[in-house]
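The values are calculated or read from the model by the stated rules, or taken from the named source; none is laboratory data. It should be emphasised that the depicted structure is a prediction, and the values quoted were computed from it without experimental measurement. So basically every Cβ, Gly included, is an ideal-geometry build from the backbone, and we count neighbours across all protein chains shown.
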Amino acid sequence: MTDTMNDTSTYPQVEEGARPGAEAPSHPVAALDDPWPAGADHKYIGSLFIAAALLFLVVGVVLALAMRAQLATAEAEIVGDRTYRQLFTMHGVVSVFLFLLPVWLGLGSAIVPLQIGASRLAFPRLHAMAFWVFLAGGAMVVAAPALSDVFHGWALSDPVPVMLGLPGQGPDMLLLGLVLVCMAAVLVVINIVVTILQLRAPGLTLRRVPIFSWSIMVSGAVLLLALPVLIGAFGMLFVDRHYGASLFSGFTGSRGGNPLLWPRLFWFGAYPVLWALLIPALGAASEIVATMSGRRLFSRDRASVALVGIGVLCFAGWGSEVPTLTRARPLWILGALAVMAPVALLILNWLATMRLAGKEGDRDAVRRGFASTPMLWVLGMLPVLGLGLAASVVSALDAGRDAHSNYWQVGQQHALFFGAATIGAVAALSFWGPKLWGRRLSEALGKLELLAIVGGSLLMVLGMLLLGVQDMLVHTSTFDSNDEWALANLVASAGGAIVGLGLIVLLLDLLGSVLAGRGKPAGADPWGGQTLEWATTSPPPRHNFDALPEIRSDAPLLDLRRAPAASAGEPEEVS
Amino acid sequence: MAMVAVSPTDNLPVPASGRAPIVLPSGEPLPGPVPGRPRRGTSTIGTLLLCTASAMVLGAVMAVYFAIKEGSTTWPPSDVHVGTYIPTIITITAIMSGFSVQWGIFSARRNDGRNAVMALILTLFLGLAMANLEWLTFVRSGFGFNDHAYGTLYDVLIGFHLLHLLAAIVMLLVLSFRTMAGHFSGDRHDALRAGAVFWQYTNVVWFTVVTVLFIFSRHG
């Protein structure tokens, strides 16, 4: 059934202008050897983004572990309340804006041009500039607590009249840093989207864009609309704090603004951003499932539509995070529920793909594929994603109420956006890392990391959800020994510690295999890949490809493997 | 002054060094299409996306403006007296600059470098005039930046346009130099078109700001 949907026996409709040779260059090609500066290569800058993201991941995880240590036992006094508030603020900001955001920007900008058969990004120097702007912004964010206390939560809304009572320049610097980070992200996103629209190889129609690139494009569209709202919000908050204006303080009617505005503005931007950071994880998982199953997805078109569905519907549920929006509450509940439907459809698509591979595929090849590390990461992501979706259903039904002010919120967000999105990023790293850096990660260590990170995440999230049921409020820094919260806190802390250990092993693995070059050489195509990035060397040359195979579907290499005699070297049927 | 396409970076062919062997599962090199090179209009599409992002920032500011306005008893506050004279002059200048930048594009399309440069310089002058008048609206508003929420939003909205205008002026200045240097031709002037798109978007920002500040709110 699927093969009939994706079968492209008819030759693609290629615009004449896109054919090679139609715009023959007036210059001799050989004289134009690589005009772009080496510092603007998309694979290099993308790797820098990934490296910076991993560095900030370490920062975020260390902050989280300090919090979990404080909460592991009752009446602990490892950090005081004031330090604890700074810890959760910086942990949230660093994890979302300095880890999840840049890790996908990096993977996207490094992989997308390879997947669509382009030799570079549309604006190479803009990409390089965006990275250094991002790094400056990230440094400002991380340095902010050194100036003065920063303790209002990552939504910058606790206490409610947005930290206006908080003196000092720390929050100001945090806001400016976040503006820079978001601006850099917008520039990268524009670059990637334009690349997909304009630099696709001849024959690679929009419908044939590989599913990971497609997910990056959808996520990019969401970020393009949502991040600027956050830029505007952070900017206005900066104006309030630094220049003494009163948009988010004081009360309307007097000369001031409205304190209720801030959470609405923030969540209108931040809620879609969180989903946009999950979308590429789903795209990467789709790509890995299809490749390791040795076949196309059960329905590639439905997978594309599901991703677009998430991108559209994630704008509908932001009000469920804001306690004061009571009038339209049924709409927010529906909106927050609706976005989960396409995610569920996508998961069904993966399961069907795996089932078909088991039924029709070559048994040994499928077994080998399913035992490979990237596929194991995807299989490990499934329970975390499922738990996150289940928790999200409860959160949606309780829109604006308890589940958004107690630990249920923490558990739900960590299952979806730390758990699933991060595990997806690690899966993508183990899948495409060999392509980018020419070395495979360790198989044995990979399985160890997987057990620790997936198992630890599940424990941690279960502990947090249990705390939600027991109504422990977020931002609680300590508890009595006669509270019932002791057990769940211990479970969450133990889970967090296990995740931390797994991440240490993962980083050592990356350092040893890639930087020290001890990993097995990747070869051009370590996984039996289906898309164009596997049709060049690992690591690819600066200009990515010297030539490309004919592109007749979204999986050109799969076509080649299935009918090598039919397509190789034959003259074009239509020209 | 006819224009010649000599820009080294527009519509580059893919460098083929011959150093990277193509590796396929079958192991043999395949003759195939060359890797994608940019289709026409890449800069213009990038600029359009940038304008979309910027419009969302403006949207966030306007959402705050309308939310605070709805909750206020008098809007603008009773002691605010801002004339509509300067904003009207700026609006007329913006419309004129919209036409002049379009003149530049039409000239470039006809490969008429002299007229294109003249149009761009005229547009630059109109832009500088607008920036000057906007500065005047700050200085002569009669209220401070943080006197009240209206004052803050007034300055933020006009400042938002002023920032875009200054960016557009720098952009157009570079583009007019490039036109004089002969970087564009009748069928290759994508960067010029992108600059014009940004200029027109800046004008749209101004029309929005004027509508919000002066048409939807009464001034003396």
Handout entry: Residue check, B:ASN115 in a helix (DSSP H, G or I) and farther than 30 Å from B:PHE66 by Cα
Key = yes
Practice task
Could you tell me which numbered condition B:THR74 fails, if it satisfies all but one of (1) surrounded by fewer than 20 Cβ atoms within 10 Å (Cβ to Cβ); (2) modelled with pLDDT under 95; (3) touching a helix residue (DSSP H, G or I) at 6+ places or on another chain (Cβ under 8 Å)?
Solution key: (3)
Practice task
Please verify whether region A:358-365 includes one or more residues that are hydrophobic (A, V, I, L, M, F, W, C) and in contact with a helix residue (DSSP H, G or I) (Cβ under 8 Å, 6 or more places away or on another chain).
Solution key: no
Handout entry: Options A:VAL474, A:VAL514; residue that is in contact (Cβ under 8 Å) with a residue 40 or more places away in the chain, closer than 30 Å to A:ILE78 by Cα and surrounded by 16 or more Cβ atoms within 10 Å (Cβ to Cβ)
Key = A:VAL474
Exercise for the section: Could you check, for region B:168-182, whether at least one of its residues is modelled with pLDDT under 90 and of a type in the set (Lys, Arg)? Expected result: no
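Being out of contact with any helix residue (DSSP H, G or I) (no Cβ under 9 Å at 6 or more places or on another chain) and within 11 Å of chain A (Cβ to nearest Cβ) is the filter; apply it to region B:141-162 and report the residue that is surrounded by the fewest Cβ atoms within 10 Å (Cβ to Cβ). Full working, then the answer.
Initial filter on region B:141-162 (out of contact with any helix residue (DSSP H, G or I) (no Cβ under 9 Å at 6 or more places or on another chain)): B:142, B:147-148, B:151.
Filter once more, keeping what is within 11 Å of chain A (Cβ to nearest Cβ): B:147-148, B:151.
Values: B:ASP147: 17, B:HIS148: 24, B:GLY151: 21.
Result: B:ASP147.
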Exercise for the section: Restrict the check to region A:401-415 and report whether at least one residue is among the small types (Gly, Ala, Ser), touching a strand residue (DSSP E or B) at 6+ places or on another chain (Cβ under 9 Å) and modelled with pLDDT under 95. Expected result: yes
Practice task
Working carefully through the options A:THR205, A:THR291, find the one that is modelled with pLDDT of 90 or more, more than 11 Å from chain B (Cβ to nearest Cβ) and over 28 Å from A:ILE423 (Cα atoms).
Solution key: A:THR205
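Among A:LEU121, A:LEU114, A:LEU107, which is buried (at least 24 other Cβ atoms within 10 Å of the Cβ), of a type in the set (A, V, I, L, M) and within 19 Å of B:SER43 (Cβ to Cβ)?
Numbers: A:LEU114 fails: within 19 Å of B:SER43 (Cβ to Cβ); A:LEU107 fails: within 19 Å of B:SER43 (Cβ to Cβ).
Matching residue, one of A:LEU121, A:LEU114, A:LEU107: A:LEU121.
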Handout entry: Any hit, region A:402-420, residues being free of Cβ contacts under 8 Å to residues at least 40 places away in the same chain, surrounded by fewer than 20 Cβ atoms within 10 Å (Cβ to Cβ) and either out of contact with any Pro (no Cβ under 7 Å at 6 or more places or on another chain) or aromatic (Phe, Trp, Tyr) (or both)
Key = no
Completion exercise
Within region B:38-76, residues β-branched (Val, Ile, Thr) and more than 18 Å from A:PHE248 (Cβ to Cβ) come out as B:THR42, B:THR44, B:ILE45, B:THR47, B:THR52, B:THR73, B:THR74
Completion exercise
With criteria (1) at positive phi; (2) more than 14 Å from chain B (Cβ to nearest Cβ), A:ALA494 comes up short on (1)
Exercise for the section: Give just the number: which of (1) in contact with a Ser or Thr (Cβ under 8 Å, 6 or more places away or on another chain); (2) within 14 Å of another protein chain (Cβ to nearest Cβ); (3) part of a helix (DSSP H, G or I) does B:PHE138 not satisfy? Expected result: (1)
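From the residues in region A:218-246 that are within 7 Å of another protein chain (Cβ to nearest Cβ) and hydrophobic (A, V, I, L, M, F, W, C), which one is farthest from A:ALA303 (Cα to Cα)? Give the derivation first.
Looking only at region A:218-246, we keep the residues that are within 7 Å of another protein chain (Cβ to nearest Cβ), and these are A:224-225, A:228-229, A:231-233, A:236, A:239, A:243-246.
The next check asks that each one be hydrophobic (A, V, I, L, M, F, W, C); those that pass are A:224-225, A:229, A:231, A:233, A:236, A:239, A:245.
Details: A:LEU224: 22, A:LEU225: 22, A:VAL229: 28, A:ILE231: 31, A:ALA233: 34, A:MET236: 39, A:VAL239: 43, A:ALA245: 47 Å.
Among those residues, the one meeting the criterion is A:ALA245.
Quick grid of which residues meet (1) crowded, with 18+ Cβ neighbours inside 10 Å; (2) not acidic (Asp, Glu):
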position: B:GLU70; (1), (2): no, no
position: B:VAL80; (1), (2): yes, yes
position: B:ILE90; (1), (2): yes, yes
position: B:GLY113; (1), (2): yes, yes
position: B:ASN132; (1), (2): no, yes
position: B:LEU175; (1), (2): yes, yes
Fill in the blank from the handout: Taking region B:150-190 and keeping residues part of a helix (DSSP H, G or I) and of a type in the set (Lys, Arg) leaves B:ARG178
Completion exercise
Taking region A:104-135 and keeping only residues that are within 9 Å of chain B (Cβ to nearest Cβ) and in a helix (DSSP H, G or I), one is left with A:PRO113, A:LEU126
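Just give me the residues in region B:69-96 being of a type in the set (Val, Ile, Thr) and within 14 Å of another protein chain (Cβ to nearest Cβ), in sequence order.
Residues of region B:69-96 of a type in the set (Val, Ile, Thr): B:73-74, B:80, B:82, B:84, B:86, B:88-93, B:95.
Within region B:69-96, B:THR73, B:THR74, B:VAL80 meet the criteria.
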Practice task
Among the helices (runs of 4 or more DSSP H) lying completely within region A:287-390, list those that include at least 1 residues that are within 30 Å of A:TRP527 (Cβ to Cβ) and in contact (Cβ under 8 Å) with a residue 40 or more places away in the chain.
Solution key: A:300-313, A:340-360, A:363-370
Handout entry: Verdict on A:ALA69 being in a helix (DSSP H, G or I) and of a type in the set (Gly, Ala, Ser)
Key = yes
Exercise for the section: Identify the residue in region A:524-546 that is crowded, with 24+ Cβ neighbours inside 10 Å and of a type in the set (A, V, I, L, M) and, among all such residues, is farthest from the other protein chains (Cβ to nearest Cβ). Expected result: A:LEU532
Practice task
Give me a count of the residues in region A:547-567 that are without any contact (Cβ under 8 Å) to a residue 24 or more places away in the chain and more than 10 Å from chain B (Cβ to nearest Cβ).
Solution key: 4
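Looking at region B:150-182, which of its residues are aromatic (Phe, Trp, Tyr) and within 21 Å of B:LEU50 (Cα to Cα)? Steps first, answer last, please.
Taking region B:150-182 as the starting set, the residues that turn out to be aromatic (Phe, Trp, Tyr) are B:150, B:154, B:160, B:177.
Within region B:150-182, just B:PHE160 meets the criteria.
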Problem - Single match in B:PHE99, B:PHE66 (criterion: closer than 30 Å to A:LEU187 by Cα, over 16 Å from the mean Cα position of the chain (by Cα) and more than 9 Å from chain A (Cβ to nearest Cβ)) - result: B:PHE66
Problem - Pairs where the first residue, in region B:170-186, is closer than 13 Å to B:SER107 by Cβ and the second is basic (Lys, Arg), C-beta under 7 Å, 6+ apart - result: B:PHE184/B:ARG178; B:GLY186/B:ARG109; B:GLY186/B:ARG110
Completion exercise
Of the residues in region A:200-214 that are surrounded by fewer than 24 Cβ atoms within 10 Å (Cβ to Cβ) and aliphatic (A, V, I, L, M), the one that is nearest to the chain's Cα centre (by Cα) is A:VAL209
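Report yes if some residue within region A:436-445 is part of a helix (DSSP H, G or I) and either in contact with a Phe, Trp or Tyr (Cβ under 8 Å, 6 or more places away or on another chain) or among the basic types (Lys, Arg) (or both); otherwise report no. Write out each step before concluding.
Just the residues of region A:436-445 that are part of a helix (DSSP H, G or I), to begin with: A:436-437, A:443-445.
Going one step further and asking which of them are either in contact with a Phe, Trp or Tyr (Cβ under 8 Å, 6 or more places away or on another chain) or among the basic types (Lys, Arg) (or both), we end up with none.
There is no residue in region A:436-445 that is part of a helix (DSSP H, G or I) and either in contact with a Phe, Trp or Tyr (Cβ under 8 Å, 6 or more places away or on another chain) or among the basic types (Lys, Arg) (or both).
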Completion exercise
Of the residues in region B:19-53 that are at the interface with chain A (Cβ under 7 Å from one of its Cβ atoms) and modelled with pLDDT of 95 or more, the one that is surrounded by the most Cβ atoms within 10 Å (Cβ to Cβ) is B:GLY46
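Select, from A:ARG120, A:ARG82, A:ARG125, the only residue that is under 24 Å from the mean Cα position of the chain (by Cα) and at pLDDT below 90. Show your work before the answer.
Values: A:ARG82 fails: under 24 Å from the mean Cα position of the chain (by Cα); A:ARG125 fails: at pLDDT below 90.
Of A:ARG120, A:ARG82, A:ARG125, the one residue that is under 24 Å from the mean Cα position of the chain (by Cα) and at pLDDT below 90 is A:ARG120.
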Problem - Sole exception among (1) part of a helix (DSSP H, G or I); (2) facing chain B (nearest Cβ under 10 Å); (3) under 22 Å from A:TYR44 (Cβ atoms); (4) in contact (Cβ under 8 Å) with a residue 40 or more places away in the chain for A:ILE192, by number - result: (2)
